[in-house]
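The values are calculated or read from the model by the stated rules, or taken from the named source; none is laboratory data. Fair warning: this is a prediction, and the values are worked out from it, not measured in the lab. Positions of Cβ are backbone-derived with ideal geometry, glycine not excepted, and every protein chain shown enters the neighbour counts.
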Amino acid sequence: MFSPTVASNGHSGASRSQPAWVNALTGMPGLALAFLWGLAEGTFFFVVPDVPISLAAILNPRRAWRHILAAIVGSVIGGMLLFSWSSRDPRGAQDAVARVPFVTSGMFAEVHASYRAHGLGALFLGPLFGTPYKIYAVEAPGFLGWKAFMLATAPARGERFLVVWAGFGVVGTLLRRFRGRTAPQLALLNGSFWVVLYAVYWGMIVFR
């Protein structure tokens with residue numbers, strides 16, 4: 001009886017076998033990770049949920065759309081927690097966010113000015129310039145009601161998540177199909193990308 005074996009490039013004649021960790025990352029454990037990451041980054045963590053989303057997308061783009069939804073839900077909850085806190089104690093909430101690594105006083109000034117100039121639209125501009133969402137959350141009560149902020153958070157967060165999902169999904173598909181890249185190689189590529197990107201981004205903040 002024929003029993004397909006997986007070649008070194010990750011393909012077989014009849015099926016494709018995925019390592020257990022890939023199935024975990026693209027399954028329920030990965031969804032939980034995306035949700036918790038979105039919640040954490042929406043409050044006091046300093047690395048964006050794009051990281052687990054891109055990893056899921058480069059490994060299995062057809063399943064990674066669920067990670068976007070999970071991260072958005074986590075972000076909405078995190079944002080509303082900070083919004084509620086800032087509504088009751090603006091200085092306390094702002095001081096707490098200001099202590100997050102790589103958050104600067106200049107970012108608060110930029111977000112405040114953006115809200116004054118664009119209102120609700122400021123939430124959609126933040127992801128384009130790499131300004132942490134948590135700052136928009138604590139500054140929002142002075143400009144927006146909680147319903148408007150909550151409803152705008154999902155599309156505002158989702159716009160960049162979708163771009164990341166599409167970009168890494170296409171790259172992963174092409175590298176598997178035409179270069180025979182394996183799951184560990186794709187995961188290493190994904191990790192290397194974010195390490196370099198954050199090294200540049202944090203360096204710009206520190207040496208600004």
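Would it be correct to say that Tyr115 is crowded, with 21+ Cβ neighbours inside 10 Å, aromatic (Phe, Trp, Tyr) and either in contact with a helix residue (DSSP H, G or I) (Cβ under 9 Å, 6 or more places away or on another chain) or in contact (Cβ under 8 Å) with a residue 40 or more places away in the chain (or both)? Quick ask: steps written out before the conclusion?
Numbers: crowded, with 21+ Cβ neighbours inside 10 Å: no; aromatic (Phe, Trp, Tyr): yes; either in contact with a helix residue (DSSP H, G or I) (Cβ under 9 Å, 6 or more places away or on another chain) or in contact (Cβ under 8 Å) with a residue 40 or more places away in the chain (or both): yes.
When the stated conditions are applied, Tyr115 does not pass them.
Residues that are under 24 Å from Trp202 (Cα atoms), aliphatic (A, V, I, L, M) and either surrounded by fewer than 17 Cβ atoms within 10 Å (Cβ to Cβ) or in contact with a helix residue (DSSP H, G or I) (Cβ under 7 Å, 6 or more places away or on another chain) (or both): does region 73-84 have at least one?
The answer is yes, given that some residue of region 73-84 is under 24 Å from Trp202 (Cα atoms), aliphatic (A, V, I, L, M) and either surrounded by fewer than 17 Cβ atoms within 10 Å (Cβ to Cβ) or in contact with a helix residue (DSSP H, G or I) (Cβ under 7 Å, 6 or more places away or on another chain) (or both).
Is it the case, given these coordinates, that Phe44 is at positive phi, touching a residue at least 60 places away in the same chain (Cβ under 8 Å) and surrounded by fewer than 18 Cβ atoms within 10 Å (Cβ to Cβ)?
So Phe44 does not fit the description; no.
Return the total of residues in region 151-208 being within 26 Å of Asn23 (Cβ to Cβ), under 20 Å from the mean Cα position of the chain (by Cα) and small (Gly, Ala, Ser).
Kept after step one, since they are within 26 Å of Asn23 (Cβ to Cβ), are these residues of region 151-208: 158, 161-195.
Next, from what is left, pick out any that are under 20 Å from the mean Cα position of the chain (by Cα): 158, 161-172, 186-195.
Cutting the leftovers down to small (Gly, Ala, Ser) gives us 158, 166-167, 169, 172, 187, 191-192.
Residues in region 151-208 being within 26 Å of Asn23 (Cβ to Cβ), under 20 Å from the mean Cα position of the chain (by Cα) and small (Gly, Ala, Ser): 8 in total.
Only residues that are among the aliphatic types (A, V, I, L, M) and over 12 Å from Arg157 (Cα atoms): list them for region 123-136, please.
Pass one, region 123-136, residues among the aliphatic types (A, V, I, L, M): 123, 125, 128, 135.
Passing the criteria: only Ile135.
Out of all the residues in region 98-106, is one or more modelled with pLDDT of 95 or more, among the hydrophobic types (A, V, I, L, M, F, W, C), buried (at least 18 other Cβ atoms within 10 Å of the Cβ) and assigned to a helix (DSSP H, G or I)?
The answer is no; no qualifying residue exists.
Return the residue satisfying two criteria in turn: it lies in region 47-72 and is over 23 Å from Lys147 (Cβ atoms) and surrounded by fewer than 18 Cβ atoms within 10 Å (Cβ to Cβ), and of such residues it is farthest from the chain's Cα centre (by Cα).
Arg62
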